[in-house]
Amino acid sequence: MHDDLTYTIRRSPRARRIRVCVDPHAGVEVVLPQRATKREAQQAVAELRPWIDRRLHEARAARLRLEAPPGTVPFLGAHLRLRYDADRSRAHRKQDELHLPATDAQAALERWYRAEARLDLPARLDDATTRLERRYTKLSIRNQRTRWGSCSSTGAMSFNWRLMLAPEHVVDYVVWHEACHLVVMDHSQRFWGLVERHVPGYREPRRWLRQNGAALVLPAPA
């Protein structure tokens, strides 16, 4: 029995069974139905410990692979050098440099990435849907814990702003993946054939995201 793993417990009125979630940033969380006991949570963690350890190891390995050079942050496959200005109140990019306020730099950095996502992702989505001759009904930029994009049956699209931390070809794959759901809602052979028609070699960015997605976390400014 391992007792060296820290995890949190959350009770959910909607939970029908015990669920263990491994988030590379938030840690391990056990979601319990209202009547489940803490002992049952402990048993679930013990049973799933090899899987939990594997997920945490994969996340650590991904962070090491994608670690940005000191004093930089990743942006669409490149690295921007950070500069700090005492008289600045918000982040501003100048070529390959990103100027941040000297105080509360982390909040300003996240606001900048979110703003860039709101500019970049709609343009990519509009291009994809135009070529597919389909329309979406709504677009939101969010910070989902486990999803990079989604497309509802009503045509509402959602993307994770942290995609801006990934290489550009990975972003394109995610956008095309969701756009293709406007044509085919499931993951049938027809769907993947449509994706491949527009993103030849889509398996590589798909694999990259599975292996490295956990490491797409905004680093704290040095």
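The values are calculated or read from the model by the stated rules, or taken from the named source; none is laboratory data. Keep in mind that this is a model prediction, so the values were computed, not measured. Reconstructed Cβ throughout: ideal geometry from the backbone, glycine too, with neighbour counts over all protein chains shown. SASA here: full protein model, heavy atoms, side chains in, ligands and nucleic acids out. Shrake-Rupley method; radii C 1.70, N 1.55, O 1.52, S 1.80 Å.
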* Structure fact -> Expected single match for closer than 26 Å to Ala215 by Cβ and either touching a residue at least 60 places away in the same chain (Cβ under 8 Å) or exposed (fewer than 13 other Cβ atoms within 10 Å of the Cβ) (or both) among Arg35, Arg63 is Arg63
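Among the residues of segment 194-215, is there at least one that is part of a loop (DSSP other than H, G, I, E, B) and touching a helix residue (DSSP H, G or I) at 6+ places or on another chain (Cβ under 6 Å)?
yes
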* Could you please tell me which pairs satisfy a Cβ distance under 9 Å, a separation of 6+ or placement on different chains, a first residue in segment 210-222 that is open to solvent by 80 Å² or more (accessible area, probe 1.4 Å), and a second residue that is among the acidic types (Asp, Glu)? => Gln211/Glu58
* Structure fact -> Of the residues in segment 61-117, those that are within 25 Å of Arg142 (Cβ to Cβ), part of a strand (DSSP E or B) and among the aromatic types (Phe, Trp, Tyr) number 1
* **Hits in segment 72-91 (condition: surrounded by fewer than 17 Cβ atoms within 10 Å (Cβ to Cβ) and more than 23 Å from Ala214 (Cβ to Cβ))** => Arg81, Arg83, Tyr84, Asp85, Ala86, Asp87, Arg88, Ser89, Arg90
* To do: Tally the residues that are part of a helix (DSSP H, G or I) and of a type in the set (A, V, I, L, M, F, W, C), restricting the search to segment 177-193.
  => 4
* Subset tally (residues that are closer than 14 Å to Arg134 by Cα, surrounded by 16 or more Cβ atoms within 10 Å (Cβ to Cβ) and not hydrophobic (A, V, I, L, M, F, W, C)) for segment 153-185 -> 3
* Structure fact -> The condition of being outside any strand (DSSP E or B), on the phi < 0 side of the Ramachandran plot and within 25 Å of the chain's Cα centre (by Cα) holds, among Arg35, Arg54, Arg17, Arg10, only for Arg54
* Would you say Ser150 is open to solvent by 20 Å² or more (accessible area, probe 1.4 Å) and touching a strand residue (DSSP E or B) at 6+ places or on another chain (Cβ under 6 Å)? -> yes
* Structure fact -> Flagged in segment 38-51 as open to solvent by 40 Å² or more (accessible area, probe 1.4 Å) and either closer than 14 Å to Thr146 by Cα or more than 25 Å from the chain's Cα centre (by Cα) (or both), in numbering order, are Lys38, Arg39, Glu40, Gln42, Gln43, Ala46, Glu47
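For segment 140-161, name all the residues that are farther than 22 Å from Arg206 by Cβ and either of a type in the set (D, E, K, R) or assigned to a strand (DSSP E or B) (or both).
Once the filter is applied, which keeps residues that are farther than 22 Å from Arg206 by Cβ and either of a type in the set (D, E, K, R) or assigned to a strand (DSSP E or B) (or both), segment 140-161 yields Ser140, Ala156.
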